[in-house]
Amino acid sequence: MRELNPQQKQALEIADGPLLVLAGAGSGKTRVITHKFAHLVKAKKASHDAVLTVTFTNKAANEMKERIRTLLGRDMKSSWIGTLHSQCSKILRKDIHALGYSNDFSIYDEDDRCTLIRHILKEFKIYEALYKGVSSRLNLLKASLVGPDDFLAAGDGFGFDEKLARVYVRYQDELKRSNALDFDDLIMLAERLFRENPSVLSKYQEQLPYVLVDEFQDLNLAQYQLVKMLALKHRNICAVGDDDQSIYRFRGADVQHILDFEKDFPKARVVRLERNYRSTQNILDAAHGVISVNANRKTKKLWTERDSGEKVHFCWLSTESEEAKHIAKVIKELYLKGAYAYRDIGILYRINLQSRAIEEALCETGLPYHIVGGVSFYQRREIKDILAYVRLVLNHEDNVSLRRVINRPVRGIGAATLTKIETEAKKKSVCLYDAIKQCVRGSGIIASTKEKLGSFIALIDKLSAVHYKNAGELLRAIVDRIDYLSQLDDDKKQNVLELIASGDGRDMQEFIDKVMLMTNIDKTSEGNLISLMTLHNAKGLEFPVVFLSGVEEGLLPYFKSIGNADEVSEERRLCYVGMTRAKDILFLSGARKRKLYAKLQEQEPSRFLKDLPRQCCKWIEKVTEPQTIKIVCDGYRKKLEPKKPPLPFAAGCRVKHPVWGVGVVRDCYGDGEDQKVMVNFPQIGIKRLSLKLAHLTKI
């Protein structure tokens, strides 16, 4: 306890009953959770495998395990420390048979999910490019515990859409037929398992009398219900989080869960961690100025024993290119002075589109960088191919994996043959693997194709028949049998060899589960590189120097949120999260002109800037146009210009197109003859049209 401040000690000593720890940014919440775990084991004599400890990323979970191992001096391999998805996978591997699934189910990541959705859209003759939107809608429905039957019965509830309902029903049927679960199913089915099987719930309640939940503000309804079920019997739940950092509403996260914790768990005690160990006071004051405007929040004010530090810099430039060059120039100066290494610097932005100009400027200046949340090691084609073979060997019913590898490497099994097999599989209600076996034995397919299909089935059968000591052996056997390395360049060969090495000595199912549950944000990068990432991907990270670019209306807050108070509040929280990633220096910047969605747009400084305390900020103006008039009001710079005439169509209004029929306006922008409108037509998708040529009529 010598390492803890008084508030952290208080959180530690409350071992029994519900506890809410409001942990501000950089306040040492990981230290509290790890020490609380150790305290429960040492002082309360709890077993190390009787404390369910939940966090949101594999990286955070591994860090917790390592810290707790150091504190307790014992191996934590059998402990329940990990992401909620990994804990649910562990539960379902043992008890999912109660729901009619087999325990050797496959886990589909986002890429597999989208592949299956595209396949279904193509089959239903629905515009295939809608797959990302469909995936997002299914994610939100499952996060709200709305299964396909619930959605069908909802009528006009949950944003009912008949085509989406058909796709949802078919999607879940395909998952069940493939004995597969996607990420959201891991939570939804675990909740259903507990709800429909009280004896199973009781078993885990007794096994896990203590529940510690990190990032509590990011729980969606399904996750919250699951955690609540496990904690209700003993009520020894410690929820650690910060409502000011709730930024995943688009995934179904509901900040209300942390705000209502004391209602849901009566007699809950609350501890506030307000001492910040990360940032200077100027950064904290600036961030507090932004977040304190939000009305529906738990009051807290962060402070630090560090000095005031440098003032927060805000620079307003002419164009996005000038902004990017300014960032690159400042970084180079900091590096040449020896003040900071490249790895100490993070560049944050609201949307991925903003990275283009920044990357160009960094390349021109010769500065090394990497993008956090980009394509991860496990999403590379060669890795996905080998992992698909592994999943098919372990689960012959996995249709998505079979479709991926049946012609990789090339075997001469084309799309027409696969279509015939899929037709047979539907007729006989069997998986593709069994349908291929039947096709090989039957008629209707030419002899040469039968031979190719037979060879493929024989390959998988042989791989499945062997008992492998570990995952590395199976990976090596697959690569050797299909002679995969001979088809790859040197870099891709190294990737496959690295995958094999990572499987040596690891249990097969445990290894594949861990790999499938990895996310892009868990990817770490070696070397002295500048980090580029979206604000959402920056959560949980910190850098001595942070550049937050594009602090403009329409970007931060994002244009889709404007007009919705709850969404603007979330954008404000997103800005707060970005600002509090900085330890020593925080640079904010924006541009008067920015190219967005193929259109050069006039930008205004973000409304959030007016809430920054002027005494802790330094303003730099680099707009070159002499006619631009600026005024300063509480540190907020706003351009004065004549009012523009109102746009002919407002977002949300319905219009009719002579060819595509009725649609809903998403956005209207531009001046004079250059005015354009973005319209979502249900049958066609989103179209960007010139008002001069579109001949739209308002309904």
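The values are calculated or read from the model by the stated rules, or taken from the named source; none is laboratory data. Given the structure is predicted, the values throughout are model-derived calculations rather than measurements. Because the Cβ atoms are built from the backbone with ideal geometry, glycine has one as well, and the counts that use them run over all protein chains shown. Calculation scope for accessible area: heavy atoms of the full protein, side chains included, ligands and nucleic acids excluded. Shrake-Rupley method; radii C 1.70, N 1.55, O 1.52, S 1.80 Å.
Some values worked out for this structure:
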| read-out | value |
| --- | --- |
| Alpha-carbon centroids, segment 304-318 and segment 423-487: separation in whole Å | 61 Å |
| Within-9-Å neighbourhood charge of L141 [Cβ basis; K, R +1; D, E -1] | 0 |
| Where chymotrypsin sites (Phe, Trp or Tyr not before Pro) fall in DSSP loop in segment 139-183, at most 13 other Cβ within 10 Å | F160 |
| Sequence ranges 238-248, 400-410, 385-395, ranked by mean other-Cβ count within 10 angstrom, highest first | 238-248, 385-395, 400-410 |
| Peptides 2-8, 346-352 ordered by average Cβ neighbours within 10 Å, highest first | 346-352, 2-8 |
| Charge sum, other residues only, whose C-beta stays under 11 Å from Q438's C-beta, Lys/Arg counted +1 and Asp/Glu -1 | +2 |
| For segment 226-297 versus segment 361-420, the gap between their alpha-carbon centres in whole angstrom | 38 Å |
| Estimated inter-spin distance, A650 and L541, nm [label 7 Å along Cα→Cβ] | 4.0 nm |
| Total lysine pairs whose alpha carbons fall under 15 Å of each other in segment 61-204 (8 or more apart, or interchain) | 8 |
| Distance in nm between pseudo-label sites at A465 and D434 (7 Å out along the Cβ direction from Cα) | 2.1 nm |
| In Å², nearest 10: area of C617 left accessible to a 1.4 Å probe | 10 Å² |
| Label-zone membership for segment 532-576, site E310, 7 angstrom Cα→C-beta point, backbone N under 13 Å | 544-548 |
| Sequence of R666, R278 when ordered by accessible area, the most exposed leading, probe 1.4 angstrom | R666, R278 |
| Percent accessible area from carbon and sulfur atoms, the chain, protein chains only, probe 1.4 Å | 50 percent |
| Alpha-carbon Debye profile of segment 449-535, log10 I(q)/I(0) at 0.14 Å⁻¹ | -0.69 |
| Relative contact order for the chain, counting Cα pairs under 8 Å that sit 6 or more residues apart, in percent | 16 percent |
| Under the Debye formula (equal points on every Cα, no solvent term), log10 I(q)/I(0) of segment 548-619 at q = 0.18, 0.26, 0.28 Å⁻¹ | -0.75, -1.30, -1.38 |
| Segment 80-208 shape via C-alpha gyration tensor axes, a/c threshold 1.5 | prolate |
| Efficiency of FRET from Cβ geometry, F559 and K618, R₀ 45 Å, rounded to 0.05 | 0.95 |
| Listed peptides 318-329, 411-422, 552-563, 19-30 by packing density, highest first (mean Cβ within 10 Å) | 19-30, 318-329, 552-563, 411-422 |
| Accessible surface, per residue, of the chain when the full set of protein chains is kept, probe 1.4 Å, Å² | 44 Å² |
| Rounded D (µm²/s) - segment 468-613, Kirkwood Rh over Cα pairs, Stokes-Einstein at 20 °C, 1.002 mPa s | 111 µm²/s |
| Extension reserve of the N528-K426 stretch, reckoned as 0.36 nm per residue once the Cα distance is removed | 31.4 nm |
| Taking the convex hull of Cα positions in segment 180-326, its mean projected area over all directions (nm²) | 13.5 nm² |
| Estimated distance in nm for a label pair at E262 and K132, the labels positioned 7 Å out from Cα along Cα-to-Cβ | 4.2 nm |
| Antiparallel bridge percentage (DSSP; both residues within the chain; nearest 5) | 35 percent |
| The chain - mean residue ellipticity at 222 nm from DSSP helices (-39,500 (n - 2.57) per run, n ≥ 4, rounded to 500) | -13000 deg cm²/dmol |
| Qualifying lysines (Cα of each under 17 Å from Cα of K610; at least 8 residues distant if same chain) | K311, K618, K630, K638, K639 |
